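Heads up: the structure comes next, in structure tokens.
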Amino acid sequence: MAKTERKPFDYNAAVSRLRADGPARIYLLRGEEDYLRDRFLAALREVCVDEGTETFNYRRLDGPGLDMTALRDAAESMPFMGERTLTEIRGFDINKTSGYDPEQLKAFAADVPDWATVAFVFSPGYAPDSRLGAVKALKKNGVDLEFTAPAEAELTRWVQRRAAELGRDIDGGTAGYLLWVCGTRMNALIPEITKIAGAAKGGAITRADIDAVARRAPETTIFQLTDALGAKRYDTAMALLADLLNDPDEPPQKQIAMVSEQLRRLYIARVAADFRQPDSFITDCVPELAGRSYPLRLLKNTCRSFTRARLARAVRLCADCDLGMKSNGPEPAALMKELIVRLATDTAP
């Protein structure tokens, strides 16, 4: 099945539509970029709830279940000293239909009062199941916003503004490097930019400043690990593996999935190089790289350290390792170490 392209989220356009057209009756706010989600929610609250009327016109309901009577009471209450009400729902597990009445939610979605706005706020990584009737009804009668990372140029400018607020300059290329090292989640970037700016020795942030104090995103560490394998820098690869295994937030089961995905990307890039395909061939297969010039360039360079056949074998080895982790075999960490050793010792063409 082909992947659906995930377009960068245009926050400014979304807020402009909100202010020009007014709020919708229903919003589904989801996606990995919770910084932009929360900023949009703040703008929505500003539009819906007049200053000083929060006690009367703003309500919050928390999941994981949903009391349909409480939801109807909140939405159907007339606004007081204002024109609209806002009901915010957090932590609701809409995919678990035992926690609410789907038929009642479908009926509610079609009959939200004109003065009410109901915002369903989902955590990063949570995806409402679009096959469910209740989800279809909410989307049909409301606005579904997926908050993904902004376009690279917009995100770079945001990094530069954050650095400037801290009294530091950072050029576009260095900002792109920071995004590759630390990832693109804005809430995670804020403390990293603050830390890097505080440690920078000059007026401008350099790559050396980033390397000295930044916490690498797991995906970056895995990219560096596969790059070290391709360059036959096996001591570096094992040191990076040790960093991964020492990260309590990233269990080996998740790490093997990321290693497998990175090797799959390298295989796609190698195919593109062998058959002289344009960059769009890669980004069609790996949509999350669309508009990300720095990681795309690195991927194209690293893939040349491997043959296409070796990468195909590597992907199969990852599948075997993943299967081993799902059985009652050795400890996951031991399987990860064995995988990296097998990848390093595969010297066949």
Elements of type helices (runs of 4 or more DSSP H) in region 1-120, at least 1 residues being among the aliphatic types (A, V, I, L, M) and more than 30 Å from ASP284 (Cβ to Cβ): 11-21, 34-48, 68-76, 102-109
Which numbered condition GLY230 fails, given (1) under 30 Å from PRO8 (Cα atoms); (2) within 28 Å of the chain's Cα centre (by Cα); (3) not aliphatic (A, V, I, L, M): (1)
Matching helices (runs of 4 or more DSSP H) fully within region 125-212 where at least 2 residues are hydroxyl-bearing (Ser, Thr, Tyr): 172-182
Out of VAL121, VAL181, VAL159, VAL135, sole residue that is open to solvent by less than 10 Å² (accessible area, probe 1.4 Å), among the β-branched types (Val, Ile, Thr), within 22 Å of the chain's Cα centre (by Cα) and under 18 Å from ALA14 (Cβ atoms): VAL121
Yes/no for ARG276 being free of Cβ contacts under 8 Å to residues at least 60 places away in the same chain and assigned to a helix (DSSP H, G or I): no
Condition met for ALA334 (more than 12 Å from VAL259 (Cβ to Cβ), among the hydrophobic types (A, V, I, L, M, F, W, C), open to solvent by 30 Å² or more (accessible area, probe 1.4 Å) and assigned to a helix (DSSP H, G or I)): yes
Hey, ALA237 among the hydrophobic types (A, V, I, L, M, F, W, C), free of Cβ contacts under 8 Å to residues at least 12 places away in the same chain and under 19 Å from ALA334 (Cβ atoms) or not: no
Failed item, numbered, when ARG45 is tested on (1) at pLDDT 95 or above; (2) under 27 Å from GLU288 (Cα atoms); (3) touching a strand residue (DSSP E or B) at 6+ places or on another chain (Cβ under 8 Å); (4) open to solvent by 10 Å² or more (accessible area, probe 1.4 Å): (2)
Tally, over region 279-303, of residues that are within 18 Å of THR148 (Cβ to Cβ), touching a residue at least 40 places away in the same chain (Cβ under 8 Å), open to solvent by less than 40 Å² (accessible area, probe 1.4 Å) and part of a helix (DSSP H, G or I): 3
Failed item in (1) without any contact (Cβ under 8 Å) to a residue 12 or more places away in the chain; (2) within 19 Å of the chain's Cα centre (by Cα), with LEU189 passing the rest: (1)
Region 258-275, residues that are over 18 Å from the mean Cα position of the chain (by Cα) and closer than 10 Å to LEU311 by Cβ: LEU263, ARG264, LEU266, TYR267, ILE268, ALA269, ARG270, VAL271
Region 215-231: number of residues that are open to solvent by 20 Å² or more (accessible area, probe 1.4 Å) and part of a loop (DSSP other than H, G, I, E, B): 3
Given (1) surrounded by fewer than 18 Cβ atoms within 10 Å (Cβ to Cβ); (2) on the phi < 0 side of the Ramachandran plot; (3) touching a residue at least 24 places away in the same chain (Cβ under 8 Å), number of the condition LEU263 does not satisfy: (1)
Every pair of residues 6+ apart whose Cβ atoms lie under 6 Å, when the first sits in region 152-176 and is touching a residue at least 60 places away in the same chain (Cβ under 8 Å) while the second is open to solvent by 20 Å² or more (accessible area, probe 1.4 Å): GLU152/GLY291; GLU152/ARG292; GLY176/TYR294
Counted residues, region 108-118 - those being in contact with a strand residue (DSSP E or B) (Cβ under 7 Å, 6 or more places away or on another chain) and either surrounded by fewer than 18 Cβ atoms within 10 Å (Cβ to Cβ) or not small (Gly, Ala, Ser) (or both): 4
Residue check for PRO23: open to solvent by 40 Å² or more (accessible area, probe 1.4 Å), of a type outside the set (Phe, Trp, Tyr) and within 28 Å of ARG131 (Cα to Cα): no
Any hit, region 246-254, residues being open to solvent by 20 Å² or more (accessible area, probe 1.4 Å), touching a Gly at 6+ places or on another chain (Cβ under 9 Å) and either polar (S, T, N, Q) or modelled with pLDDT of 95 or more (or both): no
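The values are calculated or read from the model by the stated rules, or taken from the named source; none is laboratory data. Keep in mind that this is a model prediction, so the values were computed, not measured. No Cβ is skipped: glycine too gets one built from the backbone with ideal geometry, and neighbour counts run over all protein chains shown. We work out accessible area using only protein heavy atoms, side chains counted, and drop any ligands, DNA or RNA first. Shrake-Rupley method; radii C 1.70, N 1.55, O 1.52, S 1.80 Å.
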